[in-house]
Amino acid sequence: MSLLERPQYTTYCPYKGEANYYGIPALGEPGLNSVWNYETPFEAVGEIAGYLASHPDRVAIELAD
């Protein structure tokens, strides 16, 4: 999370609610609004709260030891 920057960009999904976006400044242009989450999703999909999603063609996640 320390590598993410949160702009004031949001979108709305009729199934999940309001999505909050994050950018990854270190990636430059491809990192803009490339990660998002639903902080307070609708009750029917409440299990997605607290998770992050990303564009698979713009972000690769690697686990380090």
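Read-outs: derived from the displayed coordinates by stated rules, not from any lab. Note that the structure is a prediction, hence the values are computed from the model and not measured. Because the Cβ atoms are built from the backbone with ideal geometry, glycine has one as well, and the counts that use them run over all protein chains shown.
Considering only DSSP states other than H, G, I, E and B, which chymotrypsin sites (Phe, Trp or Tyr not before Pro) in region 4-65 qualify as loop sites with at most 15 other Cβ atoms within 10 Å?
Tyr9, Tyr15, Phe42, Tyr51
Let's see if you can work this out: charge +1 on each Lys and Arg Cβ, -1 on each Asp and Glu Cβ, no other charges. What is the dipole magnitude of the chain about its Cα centre, in debye to the nearest 20? Present the calculation step by step, with values, prior to reporting the outcome.
Details: 3 positive and 9 negative charges, 33 e Å.
Charge dipole of the chain: 160 debye, to the nearest 20.
Could you pull out the longest piece of the chain with no exposed loop GluC sites (Glu not before Pro) in it, calling a site exposed if DSSP puts it outside H, G, I, E, B and it has at most 14 other Cβ atoms within 10 Å? Don't skip to the end; give the middle numbers.
Numbers: sites that count: Glu39, Glu62.
So the longest stretch without any such site is 1-38.
With 19 Å as the cut-off, how large is the P(r) tail for the chain, expressed as percent of Cα-Cα pairs? If you can, show how the numbers build up before the last one.
Numbers: 703 of 2080 pairs.
In whole percent, the long-distance tail amounts to 34.
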